[in-house]
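Below is one structure, written out as structure tokens; the observations come after it.
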Amino acid sequence: MPIIAANFKTNHTRASTAKYVSLLSKYLKTNSTTEVYVFPPLTALDQYETLANFTLGVQNAYPAKNGSFTGEIGTEQLDEFNIKTILIGHSERRHILKETQESIAQKFHYFKTLNYKIIYCIGEPLEVKNEGLDKTLEYLWAQLEGIDTNYENLILAYEPVWAIGTGVTATLEEIQSIHTAIKKVIGKPLLYGGSVNLGNVEKICALPNVDGALIGTASWIAEDFIKIIENTKEL
Ligand code: PEP
């Protein structure tokens, strides 16, 4: 069963997310062979209809129930919408929001303790990729420092920074070699992310050791995302 996830980032409103979810749910009611996740912006959280193979998660939250963390939300706010799924370690949070490995590991630990499903992202920047496979793997292992990779509700996502939102996808060979190396050490579902789209998703998801895709830009139009699910559902 492939795993296909949509990361809206800072796109979509509450109203457009509702339309998106309604179209997607309608499709998924009769197509249940894919495990689907959608990560909308926090303002779009709502009481959506639940389906066994469709989960709404958050792109971020603060590792606390509640408290004085201006601009953040905690699990009290997530509980209101039955959210039990979170993205942690996304490259935009690491590089733009300056989250450190230490704070990411703390966040992981907090949400693990509450049994959240965690999609945990790792990925190297271009200058590291250019140093070769050994250096790239060294960088990726460092992004797993402090992370319990045996956690039962963990899904990993390999997302090279140079491929995210750039239109430049890693080649099938590049994806395969990194995924194989990761899978040798960690036996968890492993998604690829980085400029995945309707044109390349099938080939990427068909690779050995690729269990699905985490998709940003190409997931933002519901009809396109549904086509992506449709094109990969037999894998
Ligand atoms: C992402 O945000 O996780 C991502 C992979 O983005 P994009 O598909 O736009 O590269």
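The values are calculated or read from the model by the stated rules, or taken from the named source; none is laboratory data. None of the values given here were measured: they were computed from a predicted structure. Note that each Cβ is placed from the backbone with ideal geometry, even for glycine, and that neighbours are counted across all protein chains shown.
So, in segment 190-218, of the ones that are touching a residue at least 40 places away in the same chain (Cβ under 8 Å) and closer than 18 Å to S177 by Cβ, which residue ends up farthest from the chain's Cα centre (by Cα)?
So the residue we want is C205.
Here is a check on your reading of the model: is I73 at pLDDT 95 or above, of a type outside the set (D, E) and either in contact with a helix residue (DSSP H, G or I) (Cβ under 6 Å, 6 or more places away or on another chain) or buried (at least 18 other Cβ atoms within 10 Å of the Cβ) (or both)?
Yes, satisfied.
Tell me whether segment 126-142 contains one or more residues that are under 18 Å from the mean Cα position of the chain (by Cα) and either within 15 Å of the ligand (Cβ to nearest atom) or basic (K, R) (or both).
Looking through segment 126-142, none of the residues is under 18 Å from the mean Cα position of the chain (by Cα) and either within 15 Å of the ligand (Cβ to nearest atom) or basic (K, R) (or both).
Could you identify the single residue in K65, K98, K117 that is basic (K, R), in contact (Cβ under 8 Å) with a residue 24 or more places away in the chain and either under 25 Å from P160 (Cα atoms) or more than 16 Å from the ligand (Cβ to nearest atom) (or both)?
K117
Quick one: would you say K98 is among the basic types (K, R), crowded, with 17+ Cβ neighbours inside 10 Å and out of contact with any Cys (no Cβ under 9 Å at 6 or more places or on another chain)?
Considered against the rule, which asks whether it is among the basic types (K, R), crowded, with 17+ Cβ neighbours inside 10 Å and out of contact with any Cys (no Cβ under 9 Å at 6 or more places or on another chain), K98 comes out as no.
Can we say I182 is surrounded by 19 or more Cβ atoms within 10 Å (Cβ to Cβ) and within 15 Å of the ligand (Cβ to nearest atom)?
no
Is there any pair linking a residue in segment 120-144 that is of a type in the set (G, A, S) and surrounded by fewer than 15 Cβ atoms within 10 Å (Cβ to Cβ) to one that is modelled with pLDDT of 95 or more and assigned to a helix (DSSP H, G or I), with Cβ under 9 Å and at least six apart or on different chains, and which?
As it stands, the answer is A142/Q101, since those pairs meet every condition given.
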